[in-house]
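*Asks:* Can you keep this structure in mind? I'll have questions shortly.
Rule-based calculations on the coordinates, nothing more; no lab input. This one's a predicted model, so the numbers in the text were calculated from it and none came from an experiment. As a convention, Cβ positions derive from the backbone with ideal geometry for all residues, glycine included, and neighbour counts pool all protein chains shown.
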Amino acid sequence: STVNKLEGFCLASRRRAELLGVYRGREYFHAMIFLSFFKTLVGKEIAVELKNDVVLTGTLHSVDQYLNVKLLNVKIINPEKYPQLVALQNCFVRGSVVRYIQIPPELVDTELLQDAARKENAPAK
Amino acid sequence: MASTLAEWRNKSICVVTSDGRIILGELVGHDQVQNLILKDAQERVYTDNSPPETVELGLYVIRGDNVCMIADYNAKLWDNDSSSIVGPLPPIQQQEKI
């Protein structure tokens, strides 16, 4: 059902992009594939690696158009290295500082995602 | 699904900035780009050579560009009188030239 949700989101975001109009054949972030994808992961446990090398795991609470991420009940991986952050509970991470988001593979239909991304990046209609 | 800071209004939060500073304070205001207003802000300074110190800053405005993380925290777990020496957090590295 996670897969169906993603498919649903992809179709919806595609349709929305069509309705919004395509900017001279090049879509900017209107289609929001990755936003839709992350929305299917709300409630799941993910790991976020930041550009300052800190890695947090937590339950994805919400995500927005900038891919800012809010995690609940965060744990710091390597608390010995970053004891300053051990007391943090729920965390909002600015999208611009994320390096990676690590996701359990069973939550991702990689082929569907690749396919959708390929279609978004296809040459102008 | 909005990822907003509204639920932390008037709460004590911890802000990690892109240069690796840790600033605690009460969130008075914010906007969509994470510009923040913190009341009774304090910085927890971690250095390589001495134990952590707290510096009072008063009313602070932080520009959203420099914000890395915003979190609420469990004050009991915060090592307030730690005498162990902990180095500072690393700053945000943007694209490194290979």
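*Asks:* Trypsin sites (Lys or Arg not before Pro) within region B:31-84: which are DSSP loop residues with at most 15 other Cβ atoms inside 10 Å?
*Replies:* Answer by residue number: B:Arg63.
*Asks:* Taking a quarter of the surface of the Cα convex hull of region A:40-98, what do you get in nm²? Display every interim value, and only then the final one.
*Replies:* On the way: hull surface 14.6 nm².
Average projection, Cα convex hull of region A:40-98: 3.7 nm².
*Asks:* As an exercise, identify the GluC sites (Glu not before Pro) in region B:1-97 lying in DSSP coil whose Cβ has no more than 15 other Cβ atoms within 10 Å.
*Replies:* B:Glu96
*Asks:* Classify chain B from the C-alpha gyration tensor, please: rounded if a/c falls under 1.5, else prolate or oblate depending on whether a/b exceeds b/c.
*Replies:* Verdict is oblate for chain B.
*Asks:* Return the single residue from B:Gly58, B:Gly20, B:Gly29 with maximal mean-square fluctuation; model: Gaussian network over chain B, springs between Cα atoms under 10 Å.
*Replies:* Its mean-square fluctuation being the largest, the pick is B:Gly58.
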